[in-house]
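The values are calculated or read from the model by the stated rules, or taken from the named source; none is laboratory data. Bear in mind that the values here come from a model prediction, so they are computed numbers and not experimental data. Methodologically, a virtual Cβ is constructed for each residue, glycine included, from the backbone with ideal geometry; neighbour enumeration extends over all protein chains shown. What goes into the accessible areas is simple: the full protein's heavy atoms, side chains included, and nothing from ligands, DNA or RNA. Shrake-Rupley method; radii C 1.70, N 1.55, O 1.52, S 1.80 Å.
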Amino acid sequence: MKNAATSTGRVFLVGAGPGDPDLLTLRAARLVMQAELIVHDGLVDPAILAMAKPSARLISVAKRRSRHTMPQDGINALLVSEALAGNDVIRLKGGDPFIFGRGGEEAEACHAAGVPVEVVPGITSALGAAAAAQIPLTHRRDASIVSFVAGQCKGLTEQDWAGLAGKGRTLVIFMGVATAPDIAEKLMADGLAPDTPVAVIENATRSQMRVLRGPLAGLPELVERERVKSPALIVIGDVAAEPENELRNLVLDTHRMETEQ
Ligand code: SAH
């Protein structure tokens, strides 16, 4: 997809969905299979990267808490410089590019440099995880509001979550594994009942997916005991309650059928 030497390439901000390659949009799958250059973050499943042509250049800009990572400015500069050199760039991001994905910043950097951008939506992990765990985020019986919040350390204490969780409401927390104790404390200080149901969904839609449940007050212990690792989402509210036995067996049976295939 290299353009004539004089023309600028395009940047495609593409959502890769929650993990399972079957959950890519057709547009995302086509772009990945045709790409000459893919710039991806750490959440993109290796099975999706394996769909690229053998000749494609793959550049990882993975974010890891403890390791040196390419700063956002560096990623923006990489996208812009490749496009200005005439290359089309597939910028592949976990979930949806505009949900906690810094896709907005990358689009702004491209616009500022005169680089054309197309955004391809993806299934955000919040929706993919809830579907895979069979947690209806807005079950009519339990919730008519759903909020997505970021739970990482930076700025957690300044964030005002009052009113986002509680009766009739579902709260989905991204990037909250490391700060689970602070999150539980913050919500209970806001008046949330300690027995409010919580579900932690780890590695949603991947073969190692786990769904762990318990009361809000037990969240820190649950995360610690089960050694929950990123990526994981925390769902808080009545929709996260343990399903009735009958339903749970059905969910497990479906899963078993799939893994036996
Ligand atoms: N743009 C992404 C979110 C990026 S922020 C999206 O729309 O999903 C990264 C956070 O997303 C992780 O810390 C985790 O909370 C969540 N996440 C991404 N993929 C996940 C998965 N497969 N299972 C559980 N959580 C996931």
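I'd like to know if the range 218-227 contains one or more residues that are within 16 Å of the ligand (Cβ to nearest atom) and under 16 Å from the mean Cα position of the chain (by Cα). Quick ask: steps written out before the conclusion?
The initial filter retains those residues of the range 218-227 that are within 16 Å of the ligand (Cβ to nearest atom), namely 219, 222-223, 226-227.
If we keep only those that are under 16 Å from the mean Cα position of the chain (by Cα) too, we end up with none.
The answer is no; no qualifying residue exists.
Of the conditions (1) modelled with pLDDT of 95 or more; (2) within 14 Å of the ligand (Cβ to nearest atom); (3) hydrophobic (A, V, I, L, M, F, W, C), L79 fails just one. Which one is it?
Result: L79 fails condition (2) only.
Would you say A178 is open to solvent by 60 Å² or more (accessible area, probe 1.4 Å), farther than 30 Å from A16 by Cβ and not charged (D, E, K, R)?
On the way: open to solvent by 60 Å² or more (accessible area, probe 1.4 Å): yes; farther than 30 Å from A16 by Cβ: no; not charged (D, E, K, R): yes.
For A178, the condition - open to solvent by 60 Å² or more (accessible area, probe 1.4 Å), farther than 30 Å from A16 by Cβ and not charged (D, E, K, R) - is not met.
Out of A184, A189, A162, A193, I need the residue that is of a type in the set (A, V, I, L, M), assigned by TED's automatic domain parsing to the domain that holds P243, without any contact (Cβ under 8 Å) to a residue 40 or more places away in the chain and touching an Asp or Glu at 6+ places or on another chain (Cβ under 7 Å). Which one?
Working: A184 fails: touching an Asp or Glu at 6+ places or on another chain (Cβ under 7 Å); A189 fails: touching an Asp or Glu at 6+ places or on another chain (Cβ under 7 Å); A193 fails: touching an Asp or Glu at 6+ places or on another chain (Cβ under 7 Å).
So the residue among A184, A189, A162, A193 that is of a type in the set (A, V, I, L, M), assigned by TED's automatic domain parsing to the domain that holds P243, without any contact (Cβ under 8 Å) to a residue 40 or more places away in the chain and touching an Asp or Glu at 6+ places or on another chain (Cβ under 7 Å) is A162.
Assuming W161 fulfils every condition listed in (1) over 30 Å from P46 (Cα atoms); (2) at pLDDT 95 or above; (3) open to solvent by less than 60 Å² (accessible area, probe 1.4 Å) apart from one, which condition is it?
(2)
Which residue is nearest to N76 (Cα to Cα), if the candidates are limited to the range 136-159 and must be in contact with a strand residue (DSSP E or B) (Cβ under 6 Å, 6 or more places away or on another chain) and not in a strand (DSSP E or B)?
G151
Do you know which residues across the range 133-158 are acidic (D, E) and surrounded by 17 or more Cβ atoms within 10 Å (Cβ to Cβ)?
D142
Tell me the residue from V119, V89 that is open to solvent by 30 Å² or more (accessible area, probe 1.4 Å), in contact with a helix residue (DSSP H, G or I) (Cβ under 9 Å, 6 or more places away or on another chain) and either more than 8 Å from the ligand (Cβ to nearest atom) or assigned by TED's automatic domain parsing to the domain that holds G218 (or both), please. Before the answer, list the steps.
Working: V89 fails: open to solvent by 30 Å² or more (accessible area, probe 1.4 Å).
Testing whether each residue is open to solvent by 30 Å² or more (accessible area, probe 1.4 Å), in contact with a helix residue (DSSP H, G or I) (Cβ under 9 Å, 6 or more places away or on another chain) and either more than 8 Å from the ligand (Cβ to nearest atom) or assigned by TED's automatic domain parsing to the domain that holds G218 (or both) leaves just V119.
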